[in-house]
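Data block below; observations after.
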Amino acid sequence: MILTGGLKSLLPHVLRRIIRCNRLSISNTSGVAEDYKQANVVILHKSLADDFEKFCHANDGPLPLLYRSKPGEWKCPSLSSDSDIRTDCLQYRIYEHGAYTGSLKSLKEYSEQLKDMVTFYLGCSFSFEKAVQNAGIPIRNVEQKCNVSMYKTAVPCYRVSTFSCNLVVTMRPVPESKLEAAALATSELKAAHGAPVHIGDPGLLGIQDLSKPDYGDPVHLHAGDIPVYWACGVTGVEAVINCRAPLAFTHSPGCMFITDLKNDNVTVRSSREVPQVHCISQDPLHYSIVSAEAAQKIRTLEAHIGIDPGDRGIIHLHRQDELLKACLSISHARSVLITTGFPTHFTYEPPEENDGPPGALAIAAILQALEKEVAIVTDKRAMNLNKKIIEDAVQLGILKRPVPLLSYQRERADSALMFLCENGDPGRPRFDHLIAIERAGMAADGNYYNARKVNIKHLVDPIDELFLAAQTIPGVTTTGVGDGGNELGMGKVKDAVKKHIKNGDVIACDVEADFTIVAGVSNWGGYAIACALYILSTCEIHDRYLRKAVGFPQLSKKMVWLSALPSVTKEEKLLKTLVRHGVRSGKTASLEMEVDGLPFYNTHSLMIEKLL
């Protein structure tokens, strides 16, 4: 028997001959012939081949197709010079009517049946291990001399005819400081599954226990390691099981076919192709991926909305990348709750100002276009006013349809939890993300103050409690948008508010949000969120990460998203609507800028994107 020493440097054709003679004492091919591509193998009856190929193209993250054989073709000339698929994998599996019926070292006894069968060679993540190591990242399963861990997820693949299954992923522990390097090292290696599809808590993929992989071996994380997940070709095995073909063969997970193709070299790329990794949640731990180009566009937006037209000192409240991280979090959300309303004009009826509602509606409009659930919660006394504003926004074409309007009152100790979660169960939240924009925030003494230190508590419902409760619900994140430090969510920068903002020692909001977006005018923050979500949605790297590399890119919906963005015409009409309903101006400022070739204008306190 030949042991494992020196297998890293053996040429593929030599390894295949050794495997063919059953002379290897290894259980998987991770780390062998490290300069060459490896392949998953699926063998099906020729009547199923066309549909399976379509299934691969529809889910090319887990199933990157390297070669499809002709019926009865045991060689694969484009992948190897001298090979025989009946003998050149370490081990095979046989499936009959979807049931696993045994493992085999050779398929020669099935040569007659194989004459009517087609072999699919699919890319494998073992092919990127050398690139990952070259980036200074340890391969823990190789260190631990075991197979990689593979898990079934709750993520459905795109169905084609009889082929349907959930995504299977591999997990590799990566030191936190190396996450971005891991994404960069693998993102362009499409034939080896490309960039990670998830980084962080396994529960977000529906994986219950990392110590119990569905395939392969458990791989132990070192201190400081983060679990990183790549799409896996064993997804094809799951598809074979679910299609219940009378007879099918696959490689045994981890026992790959070794090709003669050299691994791809990673080259210098444009910022559109370079991934960045950002942490968007600690509970559960969750990272997101975006291109460097998209991230820079959003940073430019953030810088422009941070202009301080009133010279109030808000520059001291700014925190780098809060807009980017907030919008990455929102892009992952299924359902978003928005709140706004600051009764600045407390001696008038209605007391609301026009900073807040337009920004809130701009966010709601892009969320509708992105097919997310969205609702607005406001003060009970302002329900009729907001209902009219929403109805008018639909008539004006700002919203596609009415946004559900809710109110919140504290009736008992668990009112906030009952509002946010089904039957008050933190494991069943109704919303994934809460956004407050120009919403009066509770100060340290329990009161609510306008900028002049006037207590307006009698006009404000305790919606802050929802943000406080969200801190106790795993998977629910929050964003606060403000321009003075007394808005809901600004508790994250309260020390800076007390030090740099007039009356800050009294008016500073004490309630934190996970992300704090500071703008010269809060509506600018709302418009920036809408535009940033559009930028993320049109970012190919982020789109792939959101859909876990299954299904098709969503860029065909670009014009729908574009039409949902705020425009000068929409905002002028909305301002007239607010005036008609008695809403008064709260601030005056002007701002003009350009992002990604699109001019932005400010009119009547509003930063607006004027679409080309």
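The values are calculated or read from the model by the stated rules, or taken from the named source; none is laboratory data. Bear in mind that the values here come from a model prediction, so they are computed numbers and not experimental data. Note that we place each Cβ from the backbone using ideal geometry, even for glycine, and neighbour counts take in every protein chain shown. The protein model used for the area step is the full one, side chains on, heavy atoms only, and it has no ligands, DNA or RNA in it. Shrake-Rupley method; radii C 1.70, N 1.55, O 1.52, S 1.80 Å.
A compact table of results
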| quantity | calculated |
| --- | --- |
| For peptides 176-185, 255-264, sequence by mean Cβ density within 10 Å, most packed first | 255-264, 176-185 |
| Hz values of 3J(HN,Hα) by residue in region 44-57 - Karplus curve (6.51, -1.76, 1.60), Gly and Pro given as x | 10, 5, 4, 5, 9, 5, 4, 5, 5, 4, 4, 4, 5, 5 |
| His220/Asp321 FRET efficiency (R0 45 Å; Cβ-Cβ; nearest 0.05) | 0.90 |
| Folded to 0 to 90 degrees: helix 322-332 orientation relative to the chain principal axis, Cα | 60 degrees |
| Tilt relative to the chain, helix 522-537 - C-alpha long axis, 0 to 90 degrees, to 10 | 10 degrees |
| Accessible surface ranking that places the most exposed of Glu353, Glu112 first, with a 1.4 angstrom probe | Glu112, Glu353 |
| For peptides 340-346, 397-403, 304-310, sequence by mean Cβ density within 10 Å, most packed first | 340-346, 304-310, 397-403 |
| Long pairs among Lys130/Lys262; Lys388/Lys570; Lys388/Lys557; Lys492/Lys548, criterion Cα-Cα beyond 23 Å | Lys388/Lys557; Lys492/Lys548 |
| Helix-only CD estimate at 222 nm, as mean residue ellipticity for the chain, using -39500 (n - 2.57) per DSSP H run (n ≥ 4) | -8000 deg cm²/dmol |
| Label-point separation in nm, Ser211 to Ala413, each point 7 Å along Cα→Cβ | 3.4 nm |
| At 0.890 mPa s and 25 °C, Stokes D of region 256-306 from Kirkwood alpha-carbon radius, µm² per second | 174 µm²/s |
| q = 0.07 Å⁻¹: log10 I(q)/I(0) that the Debye formula gives for the chain, counting C-alpha atoms only | -0.50 |
| Net length gained if the chain between Lys388 and Ser111 were fully extended (0.36 nm per residue, minus Cα distance) | 92.4 nm |
| Nearest-ten-degree value, helix 357-369 long axis tilted from longest Cα axis of the chain | 20 degrees |
| Proximal lysines relative to Lys387, as straight alpha-carbon distance under 17 Å, when same-chain residues fewer than 8 apart are discounted | Lys400, Lys573, Lys576 |
